[in-house]
1. Among what's in region 246-288 and is surrounded by fewer than 22 Cβ atoms within 10 Å (Cβ to Cβ) and of a type in the set (Asp, Glu), pick the residue that is farthest from the chain's Cα centre (by Cα).
2. So is LEU287 touching a strand residue (DSSP E or B) at 6+ places or on another chain (Cβ under 7 Å) and within 12 Å of ligand 2 (Cβ to nearest atom) or not?
3. Going by the conditions given, is LEU254 within 17 Å of ASP116 (Cα to Cα) and not β-branched (Val, Ile, Thr)?
4. Need the failing condition index for TYR70 against (1) more than 22 Å from ALA45 (Cβ to Cβ); (2) in a helix (DSSP H, G or I); (3) of a type in the set (Phe, Trp, Tyr), just the number.
5. In region 307-327, how many are closer than 20 Å to SER111 by Cβ and of a type in the set (D, E, K, R)?
6. Filter region 210-233 down to residues that are in a loop (DSSP other than H, G, I, E, B) and more than 14 Å from GLU334 (Cβ to Cβ) and give me whichever is least open to solvent (accessible area, probe 1.4 Å).
7. Report whether or not GLY243 is within 16 Å of ligand 2 (Cβ to nearest atom), touching a residue at least 40 places away in the same chain (Cβ under 8 Å) and surrounded by fewer than 24 Cβ atoms within 10 Å (Cβ to Cβ).
Amino acid sequence: MDALTVTQHIIEQQKRFPDATGEYTGLLENIIIAAKIISREVRKAGLVEILGLTGNENVQGEEVQKLDEYANITFSNILGKGGHICIMASEESENPIFPIKGYPSGKYVVSFDPLDGSSNIDVNASIGTIFGIHRKITDCSACSIDDLLQKGTDLIGAGYIIYGSSTIMVYSAGYGTHGFTLDPSVGEFILSHENIKTPKYGSIYSVNEGNYNYWDNSIKKYIDYLKSNNNNLKKPYSARYIGSLVADFHRNLLRGGIFLYPKDNKDPNKTHGKLRLLYEAQPLAYLAEQSGGAASTGTERILDIIPTELHQRVPLIIGSRDDVRIVEEFIAREV
Ligand code: AHM
Ligand code: MG
């Protein structure tokens, strides 16, 4: 077979580091195994009656889907026994996750969203797993939350797995963004999208426009501009919104365009957007930049934000570089 698997690709990339111990490759292999297991479960969800809610709420007060729980346990257990991580954060776990008792601790820190877009499970739309990897920074043998609260600029790798019409893993370790499609017949992710370059600008916008009345004026004016003939394209942009971040991001990464989840004033106590910094915004911002795109809150580069909380939320504006810059200009004009 004349095809490169994701593991072979990672090993090739690791040759740039003659002193590498193989621990990072080991961590990624664990992530790949977890992704394959979650993919298998997502694919047969309708058959085994795993669809539906568990009846529990997660830390953010959202209903937990059975598959969310399954994905969270799978990811936490495989990485927790792998010997490569010392601490992890998950969207579905209120507190940090440590290696499982009796298993060794490693030098890496992983933040992950086990199954993003889970409100789409029951309607068979694409969902995904997102992860970001940092190095441990604290000295002591046990890790602390400080290891998790690192900036995106300190990420050493990030990626997502999209469970769509096929299962694709998109990954970067700082040397471009690459996509691998799972070949179910051999059970391997095969290189299918080498060195993805996102277009400088696109013709698609993705936003939950139902929130229009709750946005700041700058965002309202920007969306009106996209729908007019007076924008940079001189024709209206196309609206595409799945409501599943990985799926919306993946389409825009390949085609070009902009995704926005700005802050809104629906709840006056929450003025920071919906999406979470550590395991949604940071990893995708890293991948966007690695493919020539950009990610911003509207006033600040996502990768420059110093996290203060595990489940911190941020406004997210991400996609083609010129499109992100234009949103920032609209926001700058209003402040
Ligand atoms: P989740 O992590 O609970 O699945 O929520 C995140 C999801 C994203 O996938 C998506 O971009 C967003 O929520 C959609 O939110 P909304 O329904 O408000 O448009
Ligand atoms: Mg999520």
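The values are calculated or read from the model by the stated rules, or taken from the named source; none is laboratory data. Bear in mind that the values here come from a model prediction, so they are computed numbers and not experimental data. Every residue, glycine as well, gets a Cβ built from its backbone with ideal geometry; the counts of neighbours run over all protein chains shown. All accessible areas refer to the heavy atoms of the entire protein, side chains included, with ligands and DNA or RNA removed. Shrake-Rupley method; radii C 1.70, N 1.55, O 1.52, S 1.80 Å.
1. My answer is ASP267.
2. In short, no.
3. Details: within 17 Å of ASP116 (Cα to Cα): no; not β-branched (Val, Ile, Thr): yes.
No; evaluated as a whole, the condition is false for this residue.
4. Of everything listed in (1) more than 22 Å from ALA45 (Cβ to Cβ); (2) in a helix (DSSP H, G or I); (3) of a type in the set (Phe, Trp, Tyr), TYR70 misses just condition (1).
5. Initially, region 307-327 is screened for residues closer than 20 Å to SER111 by Cβ, giving 307-316, 318.
Narrowing the set further to residues that are of a type in the set (D, E, K, R) leaves 309, 313.
Of the residues in that region, 2 qualify.
6. Taking region 210-233 first, the residues in a loop (DSSP other than H, G, I, E, B) are 215-216, 228-233.
Now restrict to residues that are more than 14 Å from GLU334 (Cβ to Cβ): 228-233.
Values: SER228: 30, ASN229: 95, ASN230: 122, ASN231: 2, ASN232: 65, LEU233: 41 Å².
If we take residues in region 210-233 being in a loop (DSSP other than H, G, I, E, B) and more than 14 Å from GLU334 (Cβ to Cβ), then ASN231 is least open to solvent (accessible area, probe 1.4 Å).
7. Values: within 16 Å of ligand 2 (Cβ to nearest atom): yes; touching a residue at least 40 places away in the same chain (Cβ under 8 Å): yes; surrounded by fewer than 24 Cβ atoms within 10 Å (Cβ to Cβ): yes.
Taking the combined requirement at face value, the residue satisfies it.
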